[in-house]
Amino acid sequence: MNEQLNEAPCGYFTLSEEDAILSVNQTLLSILGYNLDQLNGQPINFILSASAILFHQLYLVPLIKLENHIEEIYISLKSVDDEEIPVLLNAVRRERDGRTLIECVVIPMRKRNELENELLIAKKEAVTALNARNKAYSDLENAHETMKVQKDKLIELNKKNEKYKVDTEREMDLAKKIQETLLPVPIINEHVEIQAYYKGSNQLSGDLYGFYQIDAQRYGLILLDVMGHGLSSALITMSLQSIFQRLIIKGSEVKTVMKELDDHLHSLFKNTSETGHYCTAVYLLIDTDKREINYINAGHPSVLLQDMNGKQYQMRSNRPPLGMFEDMSFKTNTLTYNKGSKLCLYTDGVEEPLGSDRLCSLLKTYSAAPLSTLKEEIIQSLRNKEDTDPRKDDQSLILVNLK
């Protein structure tokens, strides 16, 4: 990289077709707080905020493949200290030296955002003060009598609300218990050991998982995270559970399972004006005779695979989340594993507090330990993180020992 570009008053970096960082100028390294060795070869997700990762996968990647450039896209980068840095992104896709590169320029927006926010706040305060003064003059004479009437109504309404709150909490607790009964028990035999961990938020969960032994050598594992929390998300997860359990136990192909789940989500809201729900999902079909894994990852956090020598692989998302686009096609990916490999599947409620690097480190550190020990170490790490950074998301984790 020449000196002018390296010291340019804006960030500059290049990506491979597979979203790996190939080069970074000194300006962007200074903004993010990294050195060149820390970023070279890393996936672009390494410097994207959580929201920007999803935006990148669902919007930026398809757009640049379609139009070969993007202009003035507002996203957030993540510094070495986990600070979110708002930037404007311009990018162009071009062929150079026989390979496809994506050149990106970013301009930090922090000062502009601060100034715009200050102006908006000042304007809002001025309008609020003026409206309050005018309203105070017009309402003062009638306020006392109105307050007396409203007080009586409020007392009666509070009684009804309290009863409704008690009844609703009782019903929600029952629904939460019913939802948790859908979760499977561990599988332990001569071929595999499968254990799981689940901790719901205070609300009904949008997370759901299942793992089933199909026949003597095949096992199906699925993990879903429906958008949002509460009753609507919980009802959707339970309707999806009845579908994937039937299909997996029947031994359906991976793409068939994901296609039917996707079609079901679209059908739920087809004849209504309600906004549809989407969910991230990953399904693995394991054949212990062939030592082969067929999988599809639809917008879900990467699945970690570690072989007996400690080498790690990531089964990254290769499709958008289910329920997002109609008539979407699904392509099954396949990889092989050796004896003694381990799998780690998780939702973002586990990934966000710990980070994928921490999960990879724990998987490697406890590669020779029993699966139960690895699970307890991950759970303890989550508890330690909650002590300093309380979170309200559901946490789901599946660990597999491929014997």
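The values are calculated or read from the model by the stated rules, or taken from the named source; none is laboratory data. On a predicted model such as this, the values are computed, not experimentally measured, just so you know. As a convention, Cβ positions derive from the backbone with ideal geometry for all residues, glycine included, and neighbour counts pool all protein chains shown.
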Asn401 vs (1) over 30 Å from Ser267 (Cα atoms); (2) surrounded by fewer than 13 Cβ atoms within 10 Å (Cβ to Cβ): all pass except (2)
Which numbered condition trips up Pro9, out of (1) within 27 Å of the chain's Cα centre (by Cα); (2) modelled with pLDDT under 95? (1)
Scanning for something in a helix (DSSP H, G or I) and either in contact (Cβ under 8 Å) with a residue 40 or more places away in the chain or surrounded by fewer than 17 Cβ atoms within 10 Å (Cβ to Cβ) (or both), does segment 86-107 turn up at least one residue? no
Just to be sure, is Val166 β-branched (Val, Ile, Thr), at pLDDT 75 or above and either within 26 Å of Gln380 (Cβ to Cβ) or not in a loop (DSSP other than H, G, I, E, B) (or both)? no
Going through segment 342-377 one residue at a time, which ones are part of a helix (DSSP H, G or I), within 23 Å of Gly220 (Cβ to Cβ) and in contact (Cβ under 8 Å) with a residue 60 or more places away in the chain? Asp348, Gly349, Leu371, Ser372, Lys375
With the condition kept exactly as written, say whether any residue in segment 308-315 is closer than 27 Å to Leu182 by Cβ and in contact with a Ser or Thr (Cβ under 7 Å, 6 or more places away or on another chain). yes
Among the residues of segment 33-56 satisfying the criterion of being free of Cβ contacts under 8 Å to residues at least 24 places away in the same chain and in a loop (DSSP other than H, G, I, E, B), which is nearest to the chain's Cα centre (by Cα)? Gln42
Does any residue of segment 275-283 turn out to be exposed (fewer than 14 other Cβ atoms within 10 Å of the Cβ) and modelled with pLDDT under 95? yes
Tell me whether segment 319-332 contains one or more residues that are assigned to a strand (DSSP E or B), without any contact (Cβ under 8 Å) to a residue 24 or more places away in the chain and either closer than 21 Å to Cys360 by Cα or not assigned by TED's automatic domain parsing to the domain that holds Ile53 (or both). no
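Here's the yes/no breakdown for (1) closer than 20 Å to Asp357 by Cα; (2) among the polar types (S, T, N, Q); (3) in contact with an Asp or Glu (Cβ under 6 Å, 6 or more places away or on another chain):
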{"site": "Asp37", "(1), (2), (3)": "yes, no, no"}
{"site": "Phe46", "(1), (2), (3)": "yes, no, no"}
{"site": "Ser51", "(1), (2), (3)": "yes, yes, no"}
{"site": "Val61", "(1), (2), (3)": "no, no, no"}
{"site": "Ile73", "(1), (2), (3)": "no, no, no"}
{"site": "Ile85", "(1), (2), (3)": "no, no, no"}
{"site": "Glu103", "(1), (2), (3)": "no, no, no"}
{"site": "Thr128", "(1), (2), (3)": "no, yes, no"}
{"site": "Asn131", "(1), (2), (3)": "no, yes, no"}
Any residue that is touching a residue at least 40 places away in the same chain (Cβ under 8 Å) and not in a strand (DSSP E or B) - is there at least one of those in segment 60-73? yes
Within segment 347-382, restricting to residues that are within 21 Å of the chain's Cα centre (by Cα) and of a type in the set (Lys, Arg), the one that is surrounded by the most Cβ atoms within 10 Å (Cβ to Cβ) is Lys375
In segment 19-32, what count of residues is obtained for those that are closer than 24 Å to Arg96 by Cα and without any contact (Cβ under 8 Å) to a residue 24 or more places away in the chain? 5
Members of segment 212-257 found to be surrounded by 19 or more Cβ atoms within 10 Å (Cβ to Cβ), hydrophobic (A, V, I, L, M, F, W, C) and more than 23 Å from the chain's Cα centre (by Cα), listed by number: Leu247, Ile248
